[in-house]
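Just below is one structure, and these are the notes that go with it.
The values are calculated or read from the model by the stated rules, or taken from the named source; none is laboratory data. Just so it is clear, the structure is predicted and the values come from calculations on it, not from any experiment. Note that we place each Cβ from the backbone using ideal geometry, even for glycine, and neighbour counts take in every protein chain shown. We work out accessible area using only protein heavy atoms, side chains counted, and drop any ligands, DNA or RNA first. Shrake-Rupley method; radii C 1.70, N 1.55, O 1.52, S 1.80 Å.
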Amino acid sequence: MPVRPVIGMITAPNPKLLHGRHLINTSYVRAVIAAGGTPLLIPSDGDDGLAAEYLPLLHGLLVPGGEDVTPALYGEDPLRQVTFMNEEKDRMELALIRGAVERGMPVFGICRGIQLLNVCFGGTLYQDLPAQYPGVLGHAQDMAIRGQLTHRVTLEPDSLLEKLLGGEPLSVNSYHHQAVRTPAPGFTVTARAADGVIEGVEDPERNLYAVQWHPEDLVESHPRFRSLFRHLVERAEQYAGR
Ligand code: MN
């Protein structure tokens, strides 16, 4: 048995960014290693049946940021603002999420991750906040400022996120044009932006928690966010029976 818990995360083709490669942002890999986990990159390649081969190797699952979730998966056609998705990746990642939750394995979702977790368990999304959410703040900042805190977030008292991040007022980075609309049954909303947009959810029954911002790009400059990754590793150690 490895000493450090193994944290799975998907890697997938993204021809919009780079043709012919499976991609994952380095910041997720580094954040998991810094938190004491061993990242295992799981390729999406069109056969979601392979998820069952990877699940026994894992102690935790990180559902990272990425492209828009295919709207058909929550019963909608895409708005014109939704132009890039990868249904093969969605299906592989959904199979990983379902398998992880069935096993009681801890799951932490980030950005696309909070959205995909919500769709996985029966929730819906705003496909495009500027088009569908009157009074929305600026949630889609330029990627060139990935490490900057740009909007405030209010945490629900006594929630897990409050336990991990509470104390001083919280501001986060923000690179999303979609968000959770109807939370999945069983999900509790535990973080919101000042405009009411959902920024965090938790589901203790399913051993999952998720945020809409990008803590992986903040852990070096703002150490407070390390607790989100450390918590996944601690839960993964419990899952592994250590
Ligand atoms: Mn935001």
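Once phi is turned into θ = phi - 60°, what whole-Hz ³J(HN,Hα) does the Karplus curve with 6.51, -1.76 and 1.60 give for every residue of the range 39-50, x standing for Gly and Pro?
x, 10, 7, 10, x, 8, 8, x, 10, 6, x, 5
Residue 187: net charge of surrounding residues, Cβ under 15 Å, Lys/Arg +1, Asp/Glu -1, itself excluded?
-2
Out of residues 5 or more away from residue 140 or on other chains, whose amide H comes under 5 Å of its own, with H placed 1.01 Å from N in the peptide plane?
176
In whole Hz, what ³J(HN,Hα) sequence does the range 58-65 give by Karplus (6.51, -1.76, 1.60; θ = phi - 60°), x for Gly and Pro?
After applying 6.51 cos²θ - 1.76 cosθ + 1.60, I find 9, 10, x, 10, 9, 9, x, x Hz.
Return the percentage of antiparallel bridges among DSSP beta bridges fully within the chain, rounded to the nearest 5 %.
In the chain, DSSP labels about 55 percent of beta bridges as antiparallel.
Scattering from the C-alpha atoms of the range 11-54 alone, worked out with Debye: what is log10 I(q)/I(0) at q = 0.17, 0.19, 0.21 1/Å?
Treating every Cα as an identical point scatterer, log10 I(q)/I(0) equals -0.59, -0.71, -0.80.
I want to verify a result. In a Gaussian network model of the chain, Cα cutoff 10 Å, which of these has the top mean-square fluctuation: 51, 34, 191?
34
From the backbone phi of the range 221-227, what are the Karplus-calculated ³J(HN,Hα) couplings (6.51 cos²θ - 1.76 cosθ + 1.60, θ = phi - 60°) in whole Hz, Gly and Pro given as x?
7, 9, x, 4, 7, 4, 4
Less than 16 Å from a label point 7 Å out along the Cα-to-Cβ axis of residue 26: which backbone N atoms in the range 203-217 qualify, by residue?
The answer is 216-217, whose backbone nitrogens lie closer than 16 Å to the label point.
Residue 132 to residue 17: extension gain in nm, 0.36 nm per residue of separation minus the Cα-Cα distance?
38.7 nm
Could you tell me whether the chain comes out rounded, prolate or oblate from its Cα gyration tensor? Rule is a ≥ b ≥ c as square roots of the eigenvalues, rounded for a/c under 1.5, then prolate if a/b exceeds b/c, otherwise oblate.
rounded
If you take every residue apart from residue 197 with its C-beta less than 14 Å away from the C-beta of residue 197, what net charge results, scoring Lys and Arg +1 and Asp and Glu -1?
Local charge sum for residue 197: 0.
Rounded to a whole number, what % of the accessible area of the range 1-138 do carbon and sulfur atoms account for, probe 1.4 Å?
Here it works out to 53 percent.
How many percent of the accessible area of the range 155-208 is carbon or sulfur, using a 1.4 Å probe?
46 percent
Residues with amide H under 5 Å of residue 86's amide H, sequence separation 5 or more or different chain, H placed in the peptide plane at 1.01 Å from N; which?
70
In a shell of Cβ-Cβ distance under 10 Å around residue 115, excluding residue 115 itself, what net charge do Lys and Arg (+1) and Asp and Glu (-1) give?
Charge balance near residue 115 sits at +1.
So who's got an amide H within less than 5 Å of the one on residue 40, skipping anything under 5 residues away but keeping other chains? H placed 1.01 Å off N, in plane.
Under 5 Å from the amide H of residue 40: 7, 8, 9.
Please compute the per residue accessible area over the range 59-156 with all protein chains in place, 1.4 Å probe, rounded to a whole number of Å².
In whole numbers, the range 59-156 has 41 Å² accessible per residue.
Does a label point 7 Å from the Cα of residue 238, set along Cα-to-beta-carbon, have any residues of the range 157-188 with amide nitrogen under 16 Å, and which are they?
159-165
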